[in-house]
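The values are calculated or read from the model by the stated rules, or taken from the named source; none is laboratory data. Small disclaimer: the values here were computed from a predicted structure and weren't measured. Glycine also receives a Cβ, built like all others from the backbone with ideal geometry; neighbour counts cover every protein chain displayed. Ligands, DNA and RNA are stripped out before the accessible areas are found, and what is left, the full protein with its side chains, is counted by its heavy atoms. Shrake-Rupley method; radii C 1.70, N 1.55, O 1.52, S 1.80 Å.
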Amino acid sequence: MTDHNIPVISATGLFTPEDSISNEELVASFNAYVDLANRENAEAIAAGEAEELPHSSVEFIEKASGIKSRFVLSKEPILDPQVMCPRLPERPNEEISILAEIGVKAALQALERAGRKPEDVDAVLCACSNLQRAYPAIAVEIQAALGIEDGFGFDMNVACSSATFGIQTAADYIRSGSARSVLVINPEICSGHLNWRDRDSHFIFGDVATAILVESRDIAPAQHWEIVGTKLKTQFSNNIRNNFGFLNRTSPESRDDKDKLFVQEGRKVFKEVVPMVANMINQQSERLGIEPSALRRLWLHQANAGMNRLIAQRVLGHEASEDESPTVLDTYANTSSAGSIIAFHKHSSDLADGDLGLICSFGAGYSAGTVFVRKVA
Ligand code: COA
């Protein structure tokens, strides 16, 4: 391989919404909703015809998930016990859509950090879980908003693994020579697909956008991350599912069609995904001739602190420190495909030339992706 078909990560970008919701605020609003619903249903509950809804708890949320707060684009309606979903008004077609808008913000930061002009980009991949419309592709809208006239874009959805699948796709374009500079953008408005009235999951998600600029080494800035190897895997499971779609839609405010929002069997996901991901990392390390214990840092998908602890332990052979496997779950919660990229964006600048690290995602599908990187500084 020559320099022009070796893929590297030139830079990343991050857009974080201004507002956040603490567990305390979230639980107060959820419990107010529960009290209201139980009062409304008091007769049916007394007659044994309806179940009394139980309260949520801050202690449970933090212990079960490691999440302490989450950023959101529409705080007040989410916390209003009479509404409990974001209110992001539909925009006219002449205006940029909200998903493209936050994607552009993350992309501009990545481009600036790489010293790259938008017109130098050949392709834009919008890789995320929660696309807001069928077409035109959000990626094409982002491409236009950035002023990339000569290039192409498309959307791809592999749920929480969208970013790593996007990185491998971009890396393959560089390897094959079909592009030299590719923006992979992960705008995630997870608050729109979360059932804020569901006690088992109301605390899980937050909103954010990340961007990764994947380029050929010959045009990359002096400081970059060489993509040493990528590996993707999918295995069908109904344990994380969302049935929303144009053939079977509902209002986000509906209390009945729960499966048109995010639903999961959290325990099963935990049990099945930990070994799947740990084995995948170890097998790919072996293929690449990398001793897993030599990985200086793991930037894992941010869904649950306990899952990350177990995966890191199986890979490194010991309990990982915060330095070896940083978490952003406490402040960002689960941000689907963006989680491992936020961790990488915030916790990678201190690594030294030659240090090896791993970006790893896992989620619905099931889907999992590994991106082994080496710092060049
Ligand atoms: N407040 C208080 N108690 C709650 C609660 C809440 N918000 N939610 C659930 N509980 C209770 C349950 O009712 C249950 O009570 P019981 O033991 O009396 O039946 C108990 O807490 C344990 O519930 P469970 O759902 O088994 O919790 P858990 O320990 O599995 O944690 C998750 C839940 C979702 C945090 C965890 O399973 C998880 O993160 N799994 C992986 C999810 C994942 O990665 N998904 C990918 C999404 S992209």
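Could you tell me whether any residue of the range 358-377 is assigned to a helix (DSSP H, G or I), closer than 25 Å to A11 by Cβ and either under 21 Å from the mean Cα position of the chain (by Cα) or not charged (D, E, K, R) (or both)? So far as the range 358-377 goes, no, none of its residues is assigned to a helix (DSSP H, G or I), closer than 25 Å to A11 by Cβ and either under 21 Å from the mean Cα position of the chain (by Cα) or not charged (D, E, K, R) (or both).
Among the residues of the range 145-184, count how many are hydroxyl-bearing (S, T, Y), more than 16 Å from the ligand (Cβ to nearest atom) and touching a strand residue (DSSP E or B) at 6+ places or on another chain (Cβ under 9 Å).
So the first thing to find is which residues in the range 145-184 are hydroxyl-bearing (S, T, Y), and the list is 161-162, 164, 169, 173, 176, 178, 181.
This time we only want the ones that are more than 16 Å from the ligand (Cβ to nearest atom), so: 169, 173, 176, 178, 181.
Now narrow it down to the ones that are touching a strand residue (DSSP E or B) at 6+ places or on another chain (Cβ under 9 Å): 169, 173, 178, 181.
Counting residues in the range 145-184 that are hydroxyl-bearing (S, T, Y), more than 16 Å from the ligand (Cβ to nearest atom) and touching a strand residue (DSSP E or B) at 6+ places or on another chain (Cβ under 9 Å) gives 4.
Any residue in the range 190-201 that is more than 16 Å from the ligand (Cβ to nearest atom) and in contact (Cβ under 8 Å) with a residue 12 or more places away in the chain? No, the range 190-201 has no match at all.
For the range 1-25, what are the residues that are farther than 24 Å from E112 by Cβ and either touching a helix residue (DSSP H, G or I) at 6+ places or on another chain (Cβ under 8 Å) or away from the ligand (no atom under 16 Å from the Cβ) (or both)? Spell out the reasoning first.
If we filter the range 1-25 for residues that are farther than 24 Å from E112 by Cβ, which is where we start, we get 1-2, 5, 19-25.
Across the range 1-25, the qualifying residues are M1, T2, N5, D19, S20, I21, N23, E24, E25.
Taking the conditions (1) of a type in the set (S, T, N, Q); (2) open to solvent by 50 Å² or more (accessible area, probe 1.4 Å); (3) under 30 Å from N239 (Cβ atoms) in turn, S161 satisfies each one other than (2).
Being surrounded by 24 or more Cβ atoms within 10 Å (Cβ to Cβ), modelled with pLDDT of 95 or more, within 16 Å of the ligand (Cβ to nearest atom) and not in a loop (DSSP other than H, G, I, E, B), is that true of even one residue in the range 126-135? Yes, the range 126-135 contains a residue that is surrounded by 24 or more Cβ atoms within 10 Å (Cβ to Cβ), modelled with pLDDT of 95 or more, within 16 Å of the ligand (Cβ to nearest atom) and not in a loop (DSSP other than H, G, I, E, B).
Residues that are in contact (Cβ under 8 Å) with a residue 40 or more places away in the chain, in a strand (DSSP E or B) and away from the ligand (no atom under 16 Å from the Cβ): does the range 332-350 have at least one? Taking every residue of the range 332-350 in turn, none turns out to be in contact (Cβ under 8 Å) with a residue 40 or more places away in the chain, in a strand (DSSP E or B) and away from the ligand (no atom under 16 Å from the Cβ). For I96, state whether it is open to solvent by 20 Å² or more (accessible area, probe 1.4 Å) and either more than 16 Å from the ligand (Cβ to nearest atom) or charged (D, E, K, R) (or both). It is true that I96 is open to solvent by 20 Å² or more (accessible area, probe 1.4 Å) and either more than 16 Å from the ligand (Cβ to nearest atom) or charged (D, E, K, R) (or both).
Collect the residues in the range 296-331 that are part of a loop (DSSP other than H, G, I, E, B), away from the ligand (no atom under 16 Å from the Cβ) and open to solvent by less than 30 Å² (accessible area, probe 1.4 Å), keeping them in residue-number order. Don't jump to the end; show me each part of the working.
Of the range 296-331, the ones part of a loop (DSSP other than H, G, I, E, B) are 296, 301-304, 317-328.
Keeping just the survivors that are away from the ligand (no atom under 16 Å from the Cβ) gives 296, 317-324, 326.
A320, P326, listed by residue number.
From the list P77, P54, P92, pick out the single residue that is in contact with a Cys (Cβ under 7 Å, 6 or more places away or on another chain) and over 19 Å from A209 (Cα atoms).
Values: P54 fails: in contact with a Cys (Cβ under 7 Å, 6 or more places away or on another chain); P92 fails: in contact with a Cys (Cβ under 7 Å, 6 or more places away or on another chain).
When all the criteria are applied, what remains is P77.
Which residue, of V274, V371, is surrounded by fewer than 24 Cβ atoms within 10 Å (Cβ to Cβ), modelled with pLDDT of 95 or more and among the β-branched types (V, I, T)?
On the way: V371 fails: surrounded by fewer than 24 Cβ atoms within 10 Å (Cβ to Cβ).
None of the other options fit; the residue is V274.
Taking the range 61-73 as the region of interest, how many residues are out of contact with any strand residue (DSSP E or B) (no Cβ under 7 Å at 6 or more places or on another chain) and open to solvent by less than 10 Å² (accessible area, probe 1.4 Å)? Final tally of qualifying residues: 3.
The residue that is farthest from T331 (Cα to Cα), among those in the range 52-71 that are small (G, A, S) and within 12 Å of the ligand (Cβ to nearest atom), is S56. Within the range 26-51, track down each residue that is open to solvent by 70 Å² or more (accessible area, probe 1.4 Å) and either among the hydroxyl-bearing types (S, T, Y) or more than 13 Å from the ligand (Cβ to nearest atom) (or both). Scanning the range 26-51 gives R39, E40, N41, E43, A46, E49.
Table: residues versus (1) among the β-branched types (V, I, T); (2) open to solvent by 10 Å² or more (accessible area, probe 1.4 Å); (3) not in a strand (DSSP E or B).
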| position | (1), (2), (3) |
| --- | --- |
| N195 | no, yes, yes |
| T210 | yes, no, no |
| P221 | no, yes, yes |
| G229 | no, no, no |
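Considering only residues in the range 170-192 that are crowded, with 19+ Cβ neighbours inside 10 Å and out of contact with any helix residue (DSSP H, G or I) (no Cβ under 8 Å at 6 or more places or on another chain), the one that is farthest from M156 (Cα to Cα) turns out to be G192.
Filtering the range 260-290 to residues that are assigned to a helix (DSSP H, G or I), among the acidic types (D, E) and within 16 Å of the ligand (Cβ to nearest atom) leaves only E272. Close contacts from the range 58-75, counting a first residue that is at positive phi and a second that is within 15 Å of the ligand (Cβ to nearest atom) and of a type outside the set (F, W, Y), with Cβ to Cβ under 7 Å and a gap of 6+ residues or different chains, come to G66/N304; G66/A305; G66/T327; G66/L329; G66/D330.
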